Amino acid sequence: RVLLDRLVKEGYHCILIGKNGSGDVTVTSSPGLEAEMHIEVAKDFKGSVTIENTSMSNPNERLPCINIGENCDAILNLSGINYLKNGIKVPESSRLTVKGDGQLRFSIKGLGFYAIGNDEESRHGELVFETGIMVENNSASGVCIGSGLGGKIRIIRGQFILNMRGYIGVGIGALNADTELELFACDITMDNTLQMGVAIGSLNGSCTAGIAHSSVKIYLSGNDVVGIGTLNGSKNRIDICEASVIFDIVADRCSAIAALEVETALDVSNACMHITSKGDYALAIGGYTSNTELKLSNSDSSINLITKADYKNYVTREHMDISGGRTRISVNQEEILI
């Protein structure tokens, strides 16, 4: 059990965990103490690190607050309310599981950022979430959960509040690589303002995602943005089952669920999907090609599109498979019969 109060008084700035082998460590402090302290987890560590009512930052904003070593299988257990002003780095060879009944809040600034994952030039290891996090980001570019070159992300449960203000960003996924995502039994809310960005997916790679037994709410504004999918990747394949997804998007070029430039496949079953998309070249589902396949079964779907784009060039009735449920589509305040 490591007491931050004592380390701060003695002038320390780094905690090394795992030098003498694997095990369980608790880092705790008095509420209100803000420590310039970061944690290094030694390579090959297997065990849990509990943070309890901590507030930590790395004085070098380009470096992580918690640095997981190579070939680790680590559990980050949350207790109480915790604040980090830098990210948690997980290299490609390692796995991090986030769990516990506490809270973890990130407040990140700088030129580039990640809350949990890795930097823009790297892949991240396997990320497993059994509880949620909160991220408040005001950086130029980066990801909240993920990395530049991607990696495995599994969200099993938890509440996630991810807010971004910047130039380029991805909420959950990858910047420049393909990404595969599993979102299950979670509550995700994003409020993002980005020049170019994707809430869930990849900026420049393909996206494959499954969303089940979850609630996803995405509020997004900017210039070129996508809710779930990819801006420049080659394909986007999304399955939504027994879930609720709500989009409110305002941007020049945008779509709620799409590979904006190439191929989109969306399968929604036993779910609720509400989309509001507004902008000069706004779309709701699919991108600026006719290669969009949409399947809706036993679902409640509502689409409200305000745009100057001719949506008929991109999504046609022969590429829709609608059975059961209710589907309502309004374009420029005129209801469309399908």
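If you go through the stretch 253-270 and keep only what is open to solvent by 10 Å² or more (accessible area, probe 1.4 Å) and hydrophobic (A, V, I, L, M, F, W, C), you end up with Val262, Ala265. Take the residues of the stretch 271-302 that are touching a His at 6+ places or on another chain (Cβ under 8 Å) and not charged (D, E, K, R): which is surrounded by the most Cβ atoms within 10 Å (Cβ to Cβ)? Of everything passing the filter in the stretch 271-302, Thr292 is surrounded by the most Cβ atoms within 10 Å (Cβ to Cβ). Pairing residues of the stretch 249-264 that are modelled with pLDDT under 95 and hydrophobic (A, V, I, L, M, F, W, C) with residues that are open to solvent by 50 Å² or more (accessible area, probe 1.4 Å) and part of a strand (DSSP E or B), at Cβ distances under 7 Å and at least 6 apart in sequence or on separate chains, gives Ala259/Lys235; Val262/Lys235. Scanning the stretch 116-128 for residues that are free of Cβ contacts under 8 Å to residues at least 40 places away in the same chain and touching a Gly at 6+ places or on another chain (Cβ under 8 Å) gives Ile116, Gly117, Asn118, Asp119, Glu121, Ser122, His124, Glu126, Leu127. For Lys278, the conditions (1) touching a helix residue (DSSP H, G or I) at 6+ places or on another chain (Cβ under 9 Å); (2) within 22 Å of Gly222 (Cα to Cα); (3) outside any loop (DSSP other than H, G, I, E, B) are fulfilled apart from (1). Only one entry of Val226, Val250, Val245, Val198 meets the criterion of being surrounded by fewer than 21 Cβ atoms within 10 Å (Cβ to Cβ) and either aromatic (Phe, Trp, Tyr) or closer than 19 Å to Lys278 by Cα (or both), and that entry is Val250. Scan the stretch 192-220 for residues that are of a type outside the set (A, V, I, L, M) and closer than 18 Å to Leu175 by Cα and the total you get is 11. Among the strands (runs of 3 or more DSSP E) confined wholly to the stretch 1-101, which include 1 or more residues that are modelled with pLDDT of 95 or more and of a type in the set (Gly, Ala, Ser)? Per the criteria, 46-52, 73-79, 95-100.
The condition (being part of a strand (DSSP E or B), under 27 Å from Asn77 (Cβ atoms) and under 14 Å from the mean Cα position of the chain (by Cα)) is satisfied by just one residue among Gly142, Gly151, Gly201, Gly132: Gly142.
The values are calculated or read from the model by the stated rules, or taken from the named source; none is laboratory data. All values derive from a computational prediction rather than experimental measurement. In this analysis, Cβ positions are derived from the backbone assuming ideal geometry, glycine residues included, and neighbour counts consider all displayed protein chains. Only protein heavy atoms, including side chains, enter the accessible area calculation; ligands, DNA and RNA are left aside. Shrake-Rupley method; radii C 1.70, N 1.55, O 1.52, S 1.80 Å.
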